[in-house]
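Structure record follows, encoded as structure tokens.
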Amino acid sequence: MTSGPILARASCRADLAGGTVDLWPLYLFHPGAVTVNLALSIKTECVIRPHRAPHIVLRSRDTGREDRFPNLKALLAAKGAKHEIGWFLCRFFLREHASKDGFVLETHSESPAGAGISGSSALMVATTAALARYCGLRLSKEQIRQIAQNVEAQIIRVPTGCQDYYPGLYGGVGAVHLREDGIHHERLPVPTREMNQRFLLAYTGAPRQSGINNWEVFKAHINGERRVARNFDDITAIAVAMRQALLAQDWEEVARLLQAEWKLRKTNAPGITTPLIERLVKAAWNHGARGAKVCGAGGGGCVVFFVEPEAHEQVEAVLQEIGATMLPFRVASRGLSVQG
């Protein structure tokens, strides 16, 4: 066991194309499925501070949630906890752990709650990596992804997609290829300066629940709704084209594909868009934006906008005037970091 403090950090993400197709087994029905996303400089972190006393504290600085257990046995016997991510992952990593020493596990996310930029998945990655280091385990990034995704499914109790974990693990602009032989991450060599100039992120102030929206779409697909299946064929084709457009730095095509993806996604299930989102998108378009889509499953949260560099400030100003909160970011070139 590690005796000193451990700090793990992972980035949130903005998804550009191919979301929801990354739910198993949906992508197996759409050959060539891929998702495209970028890692944000909006971070999550987990700190573990071991101590000699047996008590364990799980604390979230951004939500104010805290749990205290007199010892590990009490944590494992508990029926629930306020800090669900910490509690579920501690149960996984420490159920065969015999140490009498305790620790403080403290997390923090710079993402607003329910923003749709995978704050929970990034925090799952950071907390998984921190606990693995605490236990002296050497896990690959793919093993960290698998544990984080499976445990998050236990928490939200619906299927989870895989793409949300990769930006936090690898950073940069990436494509996640979804194949019969497994999931493969590809780092796309797109200049971050260009991405920083051309994308804006606005928070609507209305948290969304990705598990609910994704579950409705998932059920419709599995139940054989042909309209949803055709939409996913089209979304897959758009994601494949988005990867190519980014590699070619064809920004006009990137904007067109972003707009096409959003138009399709809105037809998958009710509640994916809202009147405020539609108002923001229309206003941004009238002031120089060339594409927009909701991050994640929709229903609120964040909207990512593609803008020409010269229209950046103008679009930002009109979005704030309507009531959105801008989330400044840069593409995070570095992936998961663990110290200690």
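The values are calculated or read from the model by the stated rules, or taken from the named source; none is laboratory data. Source: prediction; values computed, not measured. Cβ atoms come from the backbone with ideal geometry, glycine included; neighbour counts cover every protein chain shown.
Some observations on this one:
- Among the criteria (1) farther than 26 Å from SER111 by Cα; (2) outside any helix (DSSP H, G or I); (3) modelled with pLDDT of 95 or more, the one GLU96 does not fulfil is (3).
- Checking region 295-313 against the condition returns no match, with no residue being charged (D, E, K, R), over 27 Å from LEU169 (Cβ atoms) and crowded, with 17+ Cβ neighbours inside 10 Å.
- Restricting attention to region 79-94, the residues being loosely packed, with under 13 Cβ neighbours inside 10 Å and among the small types (Gly, Ala, Ser) number 1.
- Flag for GLU142 being acidic (Asp, Glu), surrounded by fewer than 21 Cβ atoms within 10 Å (Cβ to Cβ) and not in a helix (DSSP H, G or I): no
- Which numbered condition LEU169 misses (of (1) outside any strand (DSSP E or B); (2) without any contact (Cβ under 8 Å) to a residue 12 or more places away in the chain): (2)
- Filtered residues of region 244-259 (kept if in contact with an Asp or Glu (Cβ under 8 Å, 6 or more places away or on another chain) and either touching a residue at least 60 places away in the same chain (Cβ under 8 Å) or crowded, with 18+ Cβ neighbours inside 10 Å (or both)): ALA245, TRP251
- Residue in region 152-159 that is outside any helix (DSSP H, G or I) and in contact with a Leu (Cβ under 8 Å, 6 or more places away or on another chain) present: yes
- Residue ID - farthest from the chain's Cα centre (by Cα), chosen from residues in region 190-214 that are assigned to a loop (DSSP other than H, G, I, E, B) and either modelled with pLDDT under 65 or hydroxyl-bearing (Ser, Thr, Tyr) (or both): THR204
- Considering residues of region 95-116 that are under 15 Å from GLY301 (Cα atoms) and out of contact with any strand residue (DSSP E or B) (no Cβ under 6 Å at 6 or more places or on another chain) only, the residue surrounded by the most Cβ atoms within 10 Å (Cβ to Cβ): GLY114
- Against the list (1) at pLDDT 95 or above; (2) surrounded by fewer than 16 Cβ atoms within 10 Å (Cβ to Cβ), the condition PRO25 fails is (1).
- Options LEU276, LEU336; residue that is surrounded by 14 or more Cβ atoms within 10 Å (Cβ to Cβ) and under 30 Å from ILE48 (Cβ atoms): LEU336
- ILE85 meets each of the listed conditions (1) in contact with a Ser or Thr (Cβ under 8 Å, 6 or more places away or on another chain); (2) modelled with pLDDT under 95; (3) more than 18 Å from ILE183 (Cβ to Cβ); (4) among the β-branched types (Val, Ile, Thr) apart from (2).
- So PHE306, is it under 25 Å from ARG187 (Cα atoms), out of contact with any His (no Cβ under 9 Å at 6 or more places or on another chain), part of a loop (DSSP other than H, G, I, E, B) and among the hydrophobic types (A, V, I, L, M, F, W, C): no
- Filtered by the rule that a residue be small (Gly, Ala, Ser) and part of a loop (DSSP other than H, G, I, E, B), region 224-255 gives a lone residue, GLY224.
- Answer from GLY271, GLY291 - the residue that is more than 20 Å from SER118 (Cα to Cα) and free of Cβ contacts under 8 Å to residues at least 60 places away in the same chain: GLY291
- Applying the set (1) of a type in the set (Gly, Ala, Ser); (2) in contact with a strand residue (DSSP E or B) (Cβ under 7 Å, 6 or more places away or on another chain); (3) touching a residue at least 40 places away in the same chain (Cβ under 8 Å) to ALA81 leaves exactly one unmet item: (3).
- Residue in region 153-169 that is modelled with pLDDT of 95 or more, among the small types (Gly, Ala, Ser), in the same structural domain as LEU26 (by TED's automatic domain parsing) and surrounded by 23 or more Cβ atoms within 10 Å (Cβ to Cβ) present: yes
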